[in-house]
Amino acid sequence: MASTKSMPDKAFYKLWLSRLIWIVSIQIAVGTALLYFGLVPYGSDNDLTTAVFYACSAATATVFTSEALVSEPAFRIYTSVMAQTGTFLFMMCTLVLFGPFVRAYNISRIKQGEPSGAFNWETPKGLFGRLALYQLLFALTASLSFYFLFPVSPYKGNLDRLYLALFHGFSLGAGAGYMAVPNGFMAKLAGHAFIIQSVVSILTCFSVLGMPVMLDLVSPQSLRERLKTPDINWQAFTRLSILVFGLIIGFAAFVIYKAERSAVFTNLNGGEAGIASLFSTVSCLANGYQNFRPAVLGTGTSIFFLVLIIIGGSFFSAAASPFGLLLSMVLFVRFLGIRNKKFQNSNKFPDWEKLYIPIMTIACFMVLFNLSAWLLLLNSGFGSAEALAFNQLSYFSNSGLLWEPQNSPAGLQQIIYSVSMTVGRFGVLVLLFVTFIRSSKQP
């Protein structure tokens, strides 16, 4: 059964956010030092801005293109370890911070006869091991998929192929579509490998939904409870997360399919075009893989890709389905009419009806931040307005999809994108901070 202890106070949230900010900052600093001082070789561009850019990219699980991922084994290990560590930290922190709200809501639903579920939002101590095991199993499953199904390998022999599969699998487990083969899924052979594209799309959906939802769906405990009481369903949190994410995925894939069926997908049959559309959708929302250049898309489809990238940033910027977590909480309060005395009577939290204030604050900040970065890049002559807008929002949302994947950023671009990736990664958690930790008068 879910814990019934009282809601934590503001010090709890301040402590965990402070821990996360400090640890990620240290991670970026250490990662930069390893690259800049040559401890991890990553090619000939051994300058400080490039080292910072790669360190921020790895720590925030944002995809980047680099020949070093193909040619430097140490750099591949560095990137994978940094991305996994950063993703785990954000997953852990997000689940801990949002756990009390979902746990308090689940208590009232359990009393009404709903299943308790396999994931009951435990204390941080109990959560750490389960989350680590979940991430490991997910990464190994993805690695096996790449080992048997990915058709392109620059290496010879089974051991090299296994190493490549592990790198790609653990990268996908971190929510980052790093590729250690030239051109990745844009290569002709991989671009037509629709089985692995289907598997990657499904695994990405599982990753985005997050551990709480997946355990509620497939755990033996949940299945036993449903067998005993067939008329009960999954937890409301699980149902709402799947419904919202399923609608987004289905609608987006259909729009891309219809828009590009006679253009980018003209040489594919209906089934292949459908798989490619789904793969492109999850790439925008989460993993950052590219199976074609966005520059070849029509204007309408390009704008739609940007919308998906922004939506993806809203739930994957904290890497533990905070879209499901945060949006579920907002929907519970604003649209489903749910009230909980723990929320209403607590003087430690603002009124849930005022949640739109910090949401709008963060939205305005996001617009102004990206607009300023875009104008600076445009004024410096780094490319067309359309390409720079696409790349800026992609980096801010921790996607890493590029308008032209061959054109890697350099100099001032790297500085702006490094800041954008880091700020974007903390987006949901900043919203939490503004909502629950600001000082306010006691009623």
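The values are calculated or read from the model by the stated rules, or taken from the named source; none is laboratory data. Not measured: the values here are computed from a predicted model. In this analysis, Cβ positions are derived from the backbone assuming ideal geometry, glycine residues included, and neighbour counts consider all displayed protein chains.
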In segment 371-405, residue nearest to the chain's Cα centre (by Cα) [restricted to those that are closer than 24 Å to residue 48 by Cβ and of a type in the set (S, T, N, Q)]
398
Mind counting the residues in segment 409-439 that are at pLDDT below 85, polar (S, T, N, Q) and assigned to a helix (DSSP H, G or I)?
1
Inside segment 244-282, can you point out the residues that are assigned to a helix (DSSP H, G or I), under 20 Å from residue 186 (Cα atoms) and hydrophobic (A, V, I, L, M, F, W, C)?
253, 256, 259, 273, 275, 276, 278, 279, 282
Got a sec? Which helices (runs of 4 or more DSSP H) wholly within segment 10-88 have at least 2 residues that are under 24 Å from residue 164 (Cβ atoms) and hydroxyl-bearing (Ser, Thr, Tyr)?
48-59
Within segment 184-209, residues at pLDDT below 75 and buried (at least 17 other Cβ atoms within 10 Å of the Cβ) come out as 190, 191
Could you list all residues from segment 368-393 that are modelled with pLDDT under 90, under 24 Å from residue 47 (Cα atoms) and of a type in the set (Gly, Ala, Ser)?
380, 381, 383
Just the residues that are within 25 Å of the chain's Cα centre (by Cα) and farther than 19 Å from residue 182 by Cβ, please, taken from segment 35-56.
35, 49, 50, 51, 52, 53, 55, 56
Could you please give the count of residues in segment 26-48 that are closer than 15 Å to residue 422 by Cα and modelled with pLDDT under 90?
0
Say we look at segment 270-285 and pick out the residues that are of a type outside the set (Asp, Glu) and under 13 Å from residue 195 (Cα atoms); which of these is surrounded by the fewest Cβ atoms within 10 Å (Cβ to Cβ)?
271
